[in-house]
Amino acid sequence: MTFQIALNFEDGVTRFIECRPNEVVADASYRQRINIPLDCRDGACGTCKSFCESGSYDGGDYIDEALSDDEAEQGFVLTCQMVPETDCIIRIPATSDVAKTSISTYEGEVASIDRVSDTAIGFSVKVDNRASLGFLPGQYVNLQVPGTDQARSFSFSSGPGADEVAFLVRNTSHGVLTTYLRDRARVGDRISFNGPLGSFYLRRIERPTIFLAGGTGLAPFLSMLHKIEADGSGEYPLHLIFGVTNDADLVKVDELEAYASRLANFTFTCTVAAPESTYPNKGFVTHHLTPDHLYDGGVDMYLCGPPPMVDAVRKHLADQGIQPANFYYEKFSGSGVVSEIGEVHIKVPESNEAFDARMAMELGAAHMVCGKLSAEQIVEYRRLAEATATHISGNRFTDSAGFREANAAFHLFPVEATGNPTLIDAHRRLMVTEYMGEVLTLSTGLIGDITQDHRDIVEAFEKGDFDRLRAVMVEHNEHAKLTMKAGIEAGRGG
């Protein structure tokens, strides 16, 4: 018996290899001419350290310097020692070029064309060598549009085990692929594509999960549901919210109903944004994203849709003070090009760097204006300090979104007082407030007394005591970084 191992590289390229019984992943990879990072082969150097996102395995023998117990518990592996016991997905810390592999090209013929609605077209392809094509549910390919020199990116709507691969695309008047499908395509046409690509794919389900689909962004979730049904739906609730603009855009609802009837823990909600819609549910997906779905952040979230939808959902979560345990998203443009794929995982080092940068700018501003603020400015500065206090009770936020807004105004005040437009612009570009929105929730325990820190900072400004001001600002920055660290670790469940 062999196991299928998906190697997902940093540039989004995914390659599949077969691993023989008792064969380590590195050996299987090199046997199939994919040169993943490797050096000692003895579990001693850590060069081949990767992350296993799904599957069971024997981690093998290694020394602590190569892989710590904490890393092993999180899912990190040494591919020179790892022996798979099931199919696995492994994230490789290198690009496909470094591994001397590349995107694969597949050819086939159009098997079906389905005008799903006035605004959507589905089609399927019978791949010449279907057994050679592996992909993770949620990934996409670059389709070469027949009769043109152009390619468009579309996610699979079929599951990895389906005999034919299927796609769901928006029927736009100017789309190159949709023009072909609508006006020229015939069953039997030859077509080719490159892939699979992308880091937007289904991970192992380890907690309640929510899918958010916008328009034909439903496609990758249909692929994921196919895989979930094939593997068994597990114990955790899974909810999908499907949002569209007009009634005609509401497609594949029958398939969602079929999955809901077969999967005991799967539910879904559809919503239409147009006010004139006759559909019972109105509004955007955020209007139907209730606290019951979010489990106070203890949820994995997958989102696929146009950029405004992705941005709106991220803002909604930030305003609610909710940071999902994991947040995977894919933005696509109307022309059929995947414009952005990402994961929201704020890391402690990058958070620390942002807060340190803020402190450095504010220390520079303090040096310029300490002791020079007018009485009216001190009154306003003190008001801003007290405004942050209204959103805190004890060592918890009472309104994390309100605190972020008030806190941003407090920290910007002395910078604006310098009148230096370059410094002001640089401060506004910092990611501190965005990071706070991704991490801090009502359940985050605050380190230190933020309210008193703010008051002490204002007092030092008023007295013109720069040495005291610097000491308080440095201590306050440490409190902020430790609070963020606590929020980040809580979001990871650790």
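The values are calculated or read from the model by the stated rules, or taken from the named source; none is laboratory data. From a predicted model like this one, the values you see are computed outputs, not experimental measurements. Cβ: placed from backbone, ideal geometry, glycine included. Neighbour counts: every protein chain shown.
Worth pointing out:
- Every residue from segment 313-323 that is surrounded by fewer than 16 Cβ atoms within 10 Å (Cβ to Cβ) and touching a Ser or Thr at 6+ places or on another chain (Cβ under 7 Å): His316
- Counted residues, segment 450-477 - those being more than 19 Å from Ala360 (Cα to Cα), surrounded by 15 or more Cβ atoms within 10 Å (Cβ to Cβ) and free of Cβ contacts under 8 Å to residues at least 24 places away in the same chain: 1
- Scanning segment 75-100 for residues that are of a type in the set (S, T, N, Q) and in contact with a Phe, Trp or Tyr (Cβ under 8 Å, 6 or more places away or on another chain) yields Gln81, Thr86, Thr95, Ser96.
- One residue from Gly448, Gly402, Gly487 being part of a loop (DSSP other than H, G, I, E, B) and in the same structural domain as Cys370 (by TED's automatic domain parsing): Gly448
- Evaluating Ser192 against the criteria (1) buried (at least 19 other Cβ atoms within 10 Å of the Cβ); (2) not in a loop (DSSP other than H, G, I, E, B) leaves one unmet condition, (1).
- Pick from segment 301-332, criterion outside any strand (DSSP E or B) and among the acidic types (Asp, Glu), ranking: farthest from Thr398 (Cα to Cα): Asp311
Yes/no matrix, rows are residues, columns are (1) at pLDDT 90 or above; (2) assigned by TED's automatic domain parsing to the domain that holds Pro137; (3) among the charged types (D, E, K, R):
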{"residue": "Leu7", "(1), (2), (3)": "yes, no, no"}
{"residue": "Glu10", "(1), (2), (3)": "no, no, yes"}
{"residue": "Glu23", "(1), (2), (3)": "yes, no, yes"}
{"residue": "Ala28", "(1), (2), (3)": "yes, no, no"}
{"residue": "Arg33", "(1), (2), (3)": "no, no, yes"}
{"residue": "Cys40", "(1), (2), (3)": "no, no, no"}
{"residue": "Tyr62", "(1), (2), (3)": "yes, no, no"}
{"residue": "Asp69", "(1), (2), (3)": "no, no, yes"}
{"residue": "Pro84", "(1), (2), (3)": "yes, no, no"}
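Every residue, every condition in (1) surrounded by fewer than 13 Cβ atoms within 10 Å (Cβ to Cβ); (2) charged (D, E, K, R); (3) in contact (Cβ under 8 Å) with a residue 60 or more places away in the chain; (4) assigned to a helix (DSSP H, G or I), yes or no:
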residue	(1), (2), (3), (4)
Cys45	no, no, no, no
Phe51	no, no, no, no
Asp64	yes, yes, no, no
Ala99	no, no, yes, no
Thr105	yes, no, yes, no
Gly108	no, no, yes, no
Ala111	no, no, yes, no
Val116	no, no, yes, no
Lys126	no, yes, no, no
